[in-house]
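Peer 1: Would you mind keeping the following structure in view while I ask a few things?
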Amino acid sequence: QVQLVESGGGLVQPGGSLRLSCASSGSIFSISVMGWYRQAPGKERELVADISNDYRTNYGDSVKGRFTISRDNAKNTVYLQMNNLKPEDTAVYYCNQRQLLSYWGQGTQVTVSS
């Protein structure tokens, strides 16, 4: 069983930065695709970014050039560096791990407001 624990969310002003972390339990992290999704009130959950087991990355159009996903297989952790944050980035951010099955974290709130 895989458990994902996100951290690093919070309140930030427009133009600011945050770094989210997601720590995974279990032994399949290094062969898993890791991703970050977000869901704003009244909207569907959407892909923010994901990274494959061979470090290929994929980003949602709205975050390209501002967000960077990375992974540390030695620490079983995936990161999301978010720069130049905008109010429309406000959402609950969820970590996802995919390797045959899909696992989700509990989510962490990111609020961008002045």
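The values are calculated or read from the model by the stated rules, or taken from the named source; none is laboratory data. This one's a predicted model, so the numbers in the text were calculated from it and none came from an experiment. These area figures cover heavy atoms from the full protein model, side chains too; ligands, DNA and RNA do not enter into them. Shrake-Rupley method; radii C 1.70, N 1.55, O 1.52, S 1.80 Å.
Peer 1: Figure the gain on full extension for Thr111 and Asn53 (residue separation times 0.36 nm, minus the Cα-Cα span) and round it to one decimal in nm.
Peer 2: Working: separation 58, 0.36 × 58 = 20.88 nm, distance 2.98 nm.
Between Thr111 and Asn53, full extension yields 17.9 nm more.
Peer 1: Under 23 Å Cα to Cα from Lys43, which lysines show up? Leave out anything in the same chain fewer than 8 places away.
Peer 2: Here the lysines satisfying the reach criterion relative to Lys43 are Lys64, Lys86.
Peer 1: If you don't mind, there's one more thing I want to ask. Considering only protein heavy atoms, with the full assembly of protein chains and a 1.4 angstrom probe, order Ile51, Ile28 by accessible area, largest first.
Peer 2: On the way: Ile51 5, Ile28 45 Å².
Per-residue accessible area, sorted high to low, gives Ile28, Ile51.
Peer 1: For the chain, report the translational diffusion coefficient in µm²/s to the nearest whole number, using Stokes-Einstein at 20 °C, 1.002 mPa s, and a Kirkwood Rh over Cα pairs. Could the numbers behind the result be given before it?
Peer 2: On the way: Rh = 13.9 Å.
Using the Kirkwood radius from Cα pairs, D works out to 154 µm²/s.
Peer 1: With the contact rule set at Cα under 8 Å and sequence spacing of 6 or more, what percent relative contact order holds for the chain?
Peer 2: Details: 274 pairs, mean separation 42.3, N = 114.
Once normalised by length, the contact order is 37 percent.
Peer 1: Follow-up. Please work out the Kirkwood hydrodynamic radius for segment 70-114, using every pair of different C-alpha atoms, and report it in angstroms with one decimal place. All intermediate terms of the calculation are to be shown ahead of the outcome.
Peer 2: Numbers: mean 1/r = 0.0806 Å⁻¹.
In segment 70-114 this quantity evaluates to 12.4 Å.
Peer 1: Also, quick follow-up: Gap in Å between the Cα centre of segment 78-114 and the Cα centre of segment 32-47?
Peer 2: 7
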